[in-house]
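Values in this text are rule-based calculations from the coordinates and carry no lab data. In this text the structure is predicted, and so the values were computed from the model without any measurement. Quick reminder, even Gly has a Cβ in these numbers, built from the backbone with ideal geometry, and neighbours come from all protein chains shown.
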Amino acid sequence: MAAETDPAPAGGAEPEQDAPSFSGGAKILSIGIASTGLFTFAYFSVASHVLGDDALGGVNLLWTILFITISVIYRPVEQLLSRSIATRRAQGHEGAHPLRDAARIQAAFASAFVLVAFFFKGTLVDAFDGRDALFWVLVTAALAYAASYFARGYFAGHQWFALYGGLVFFESVARFCFPVAVAVGITSGQTAVALGIAAAPLASLLVIPIAVRRYGGRGDGDAAATPVDRAAGAAREGATFAGAVAVVQLAEQTLLNAGPLFAPKGAMFAVVFGAFLITRSPLQLFQSIQTSLLPHLAGLEATEGSAAFHQAIRTTVLAIAAFAGAVALGLLAVGPFAMDLLYPVEGSYGRVGLAVIGLAMGLHLTAGTLNQAALARGQAGHAALAWAVSALLFVGWMAAALVDDALVRAEVGYAGATGLLSLALLGIYRAGAPAVVAPPLADPPPLVD
């Protein structure tokens, strides 16, 4: 446990009163991240109209590799910062949050990525059909996202949700501008479209000067000028937490990408990738709730108690159930038509299969919510094990090829894996709930001889 000797805010200042609640923060983030999901889908939609199948496949592969990478190596530090800063703020410490360990972990992850990327440069360029430019887009984007995800964690921990939403909004709009430029004839080709993937995280950093101007006097200030006592093992605890979250993120990306990656290259890959876009956009939308949920739950765990904690989880899960049900019904009604219009590729979609993916997306979101509860309670290791087992089962199912049709196999496997994952995390959630202690019985009346 961290030492309790951290100094109070200078001058006896009270904690910030303008930080939004969980509900308010989720609403603010929903605007930015809902727009992000729409612009992300629009990026691929416009790209599918201006590029041929082979060129589009290269951009899809670049995106898949990038987002597996950055989610696994950078999201853990975002979650670590969010949880640790929110917990300290709930305990009354508004400044001098220790950031050095998180920065070192992020720098180590980024350095490891660069070394691995250049070691396998030949393999990656071959996977991109010899297009060296796509390799450099991958490296540039991955390094820029290191700073972007660090900022996300810092914003989330302070509950500066408008800035967080602005960051991801700038990112998605910048990316979308590149295929639009190709569509209107300003530029042309696969490289021009792919450059948007590298420009996006750089554009997102434009939010940082806004944060400095708005909160420069109320953030951490000069952390070095205000000593923070840290218990022995705090750095190890942070690294362990980040490692467990990295496993979770790797497993989540496996659930999202094993379906397309096990599909035959070409038209079928594009079809399965398109079907799984149904899950990506809502996952980005509900990331707003999950992002505001972790610091909220960490604060409740530190100060309030189990009743408010359970209420936050219950409200989120009910909202997810309603949303997933509506998505599944919509896909049953117009799913194939909408996919052919928005993401035209050689191949077809079945409305039942699309609805199954919609319901599985709901299970995935539920698992993400229960995962935030586990992280807030210090159960990151148990959650990581549940995610890893579910992901391995999905990969085994796809590799076994018991169903010939790659799309149907991916739909069934994804639904089964997310269902098992949700049940496992529900078990962890219930096991981690504080025991309800019955009130003491009244003293018995004295015996009368």
(request) Give me the net charge of LEU365's neighbourhood, meaning all other residues with Cβ under 14 Å from the Cβ of LEU365; Lys, Arg count +1, Asp, Glu -1. (result) 0
(message) Among 111-123, 78-90, how do they line up by average Cβ neighbours within 10 Å per residue, starting with the highest?
(response) 78-90, 111-123
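If you rank TRP387, TRP136 by fewest surrounding Cβ atoms within 10 Å, what's the result?
With the sparsest Cβ surroundings first, the list reads TRP136, TRP387.
Shape verdict for the stretch 43-122, please, from the Cα gyration tensor: rounded (a/c under 1.5), prolate (a/b greater than b/c) or oblate. Could you put the intermediate results ahead of the total?
Values: a/c = 5.19, a/b = 2.01, b/c = 2.59.
In terms of gyration-tensor shape, oblate.
What is the order of THR315, THR254, THR369, fewest Cβ neighbours within 10 Å to most? Please list the in-between numbers first.
Values: THR315 16, THR254 22, THR369 25.
The most exposed by this proxy come first: THR315, THR254, THR369.
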(message) Below 14 angstrom from the Cβ of GLY130, what's the summed charge of the other residues (Lys, Arg +1; Asp, Glu -1)?
(response) -2
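Any number yet on Rg/Rh for the stretch 93-195, C-alpha, Kirkwood? Walk me through the numbers on the way to the answer.
Details: Rg = 17.3 Å, Rh = 16.1 Å.
Reported Rg/Rh, Kirkwood definition of Rh: 1.08.
To make sure I understand, if each residue's beta carbon is the centre and we count other beta carbons within 10 Å, what order do ILE105, ILE210 fall in, fewest to most? Working shown, then result.
Values: ILE105 24, ILE210 14.
Going from least to most buried by this count: ILE210, ILE105.
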